[in-house]
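Participant: A single structure is presented below for examination.
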Amino acid sequence: MKRYIRRLQFTGKSTYIVSLPKSWVLNQGLNAKSQVVIEEKGGQLIIKPTVISQEKKEKTAVIQLDNESPEAISRRIISAYVMGFDRIILKFSKPITPLIRNSIRELIVNKTPGVEVISEDEREIHLFVLLNPLNTPLQDTIKRLVRVVRSIIQDACSYIRETIEIPMDQLVREDDSVDRVYFYTIRVLNKIAEGYMEVEDEKIDIKTLLAYRSLSKLLERIGDHAVNIALNTSKLKGREDIAREVSELCIEARDIYIESTESFLNAKPGVIDEIAMKTSLLREKERKLSTSYVGSLDPQVLASLQLVLESIRRIAEYSKDIAELALDLAIDKILVKNQGGVTEDIES
């Protein structure tokens with residue numbers, strides 16, 4: 001982050017002026033007659049162009065590739081996508097193999113919403129993001145990620161109760177459904193942070209954006225653990241007694257997740273103490289259940305059971321972290337208000 005120091009000047013009878021850095025003005029595509037918006041947030045002033053130039057709106061990433069694997073190429077595409085690049089140009093030193101070409105097509109269909117192949121030849125593939133984040137409010141994007149993860153947790157608890165074997169392609173689709181919304185959410189947050197798009201909530205600041213970023217990562221991890229539960233639950237087939245106990249624990253973790261995310265979305269941080277207590281109790285139940293079957297189960301079944309229980313515990317613990325984020329945001333806002341001589345209680 002660049003930092004500039006400027007001295008205030010007094011002109012006329014009641015006006016203070018300050019000069020803007022030339023490099024910033026030119027980078028924004030402004031000139032001497034351009035207008036800027038000055039926003040006051042707390043004790044800070046934010047200056048930005050009234051209209052962001054088309055050149056600034058469209059960001060292009062050129063990725064040079066040699067002998068990278070399909071997985072490595074996918075990682076680079078996802079990185080460019082979440083960092084807000086609109087045009088992604090892949091340049092290969094060798095002719096593109098069918099394997100790589102197909103893996104790129106699968107990636108953009110399953111994990112990066114709005115991306116399309118706009119041109120390709122023997123050594124280049126041009127991708128463009130057609131989905132405009134301005135059409136989806138940030139809050140709606142966050143809520144969508146919360147709902148998707150909640151649905152997968154619910155499915156995982158059902159799989160435990162029914163002790164059915166889930167086809168691998170279905171598990172992949174479950175994982176992809178979380179990744180799609182997660183990657184898009186991070187893209188939107190990065191766009192906002194860079195000033196490429198406005199936010200429907202004028203009160204949002206950099207600390208809130210960081211909280212949303214942390215929330216998104218926690219949700220993605222919770223989704224991964226829910227998929228891991230589904231992956232291992234089939235080993236409990238024929239042990240309805242175990243499945244019933246584990247299913248009850250899974251439902252407890254789901255309820256903690258629901259309570260925590262509602263606390264964050266509705267700015268009601270007062271439930272954190274209750275959630276912390278519930279998480280602690282669940283952790284103790286998980287430990288007792290895990291150790292109670294040591295020595296009485298086939299080692300493979302025991303290993304799968306412990307993986308399922310660990311994921312259930314992680315879902316509860318990450319959910320508690322979400323409730324703590326809600327509290328962090330509330331405390332921060334209260335501290336800012338107190339600086340102005342106003343006292344406000346935390347809502348419960």
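The values are calculated or read from the model by the stated rules, or taken from the named source; none is laboratory data. Small disclaimer: the values here were computed from a predicted structure and weren't measured. Glycine gets a Cβ as well: all are built from the backbone with ideal geometry, and neighbour counts include every protein chain shown. To get the accessible areas, we keep the full protein, side chains included, count just its heavy atoms, and leave off ligands, DNA and RNA. Shrake-Rupley method; radii C 1.70, N 1.55, O 1.52, S 1.80 Å.
Participant: Given +1 on the Cβ of Lys and Arg, -1 on the Cβ of Asp and Glu, and no further charges, what dipole in debye does the chain carry about its Cα centre, rounded to the nearest 20?
Facilitator: 1500
Participant: Hey, any idea what % of the chain's accessible area is carbon plus sulfur with a 1.4 Å probe?
Facilitator: Carbon plus sulfur share of accessible area: 52 percent.
Participant: Now, a different point. Any idea what the relative contact order of the chain is, in percent, if you count C-alpha pairs under 8 Å spaced at least 6 apart?
Facilitator: 14
Participant: Here's a follow-up. What pairs from K2/K91; K217/K278; K22/K217; K111/K217 go past 27 Å between their alpha carbons?
Facilitator: Table pairs above 27 Å Cα-Cα are K2/K91; K22/K217.
Participant: Of the listed values [x] -0.34, -0.71, -1.35; [y] -0.31, -0.63, -1.21; [z] -0.42, -0.79, -1.19, identify the label whose number matches log10 I(q)/I(0) by the Debye sum over Cα atoms at q = 0.07, 0.10, 0.14 Å⁻¹ calculated from this model.
Facilitator: [z]
Participant: Here's a follow-up. Rounded to two decimal places and with Rh computed the Kirkwood way over Cα pairs, what is Rg over Rh for region 83-182?
Facilitator: So for region 83-182, dividing Rg by the Kirkwood Rh gives 1.08.
Participant: I've got another one for you. For L20 and E68, compute 0.36 nm times the residue count separating them, minus their Cα-Cα distance, and round to one decimal in nm.
Facilitator: 12.9 nm
Participant: Working out 0.36 nm times the residue gap between N31 and R87, then minus their Cα-Cα distance, what length gain in nm do you get to one decimal?
Facilitator: 17.5 nm
Participant: Sticking with this one: Once you put a point 7 Å from the Cα of Q300 and another 7 Å from the Cα of D273, both along the Cβ direction, what distance in nm separates them?
Facilitator: The modelled label-to-label distance comes out at 4.9 nm.
Participant: Can you tell me, using C-alpha contacts under 8 Å and at least 6 residues apart, the relative contact order of region 122-273 as a whole percent?
Facilitator: 38
Participant: Something else: Note down the Stokes-Einstein diffusion coefficient of region 70-112 in µm²/s, whole number, using a Kirkwood radius over alpha carbon pairs, 25 °C, and 0.890 mPa s.
Facilitator: For the chosen part, D equals 226 µm²/s.
Participant: Net charge within 14 Å of I222 by Cβ-Cβ distance, Lys/Arg positive one each and Asp/Glu negative one each, not counting I222 itself?
Facilitator: Local charge sum for I222: -3.
Participant: Among residues other than A80 whose Cβ falls under 12 Å from its Cβ, what is the net charge (Lys/Arg +1, Asp/Glu -1)?
Facilitator: Once positives and negatives cancel, what remains is +4.
Participant: Calculate, in nm to one decimal, what H126 and D140 gain on full extension: separation in residues at 0.36 nm each, minus their alpha carbon distance.
Facilitator: Stretched out fully, the H126 to D140 stretch lengthens by 2.1 nm.
Participant: Only bridges with both residues in the chain count here: give the DSSP antiparallel percent, nearest 5.
Facilitator: 75
Participant: Further question: If region 162-309 were replaced by its equivalent ellipsoid, with semi-axes equal to the square roots of 5 times the Cα gyration tensor eigenvalues, what would those be, largest first, whole Å?
Facilitator: They are 36, 20, 11 Å, listed from largest to smallest.
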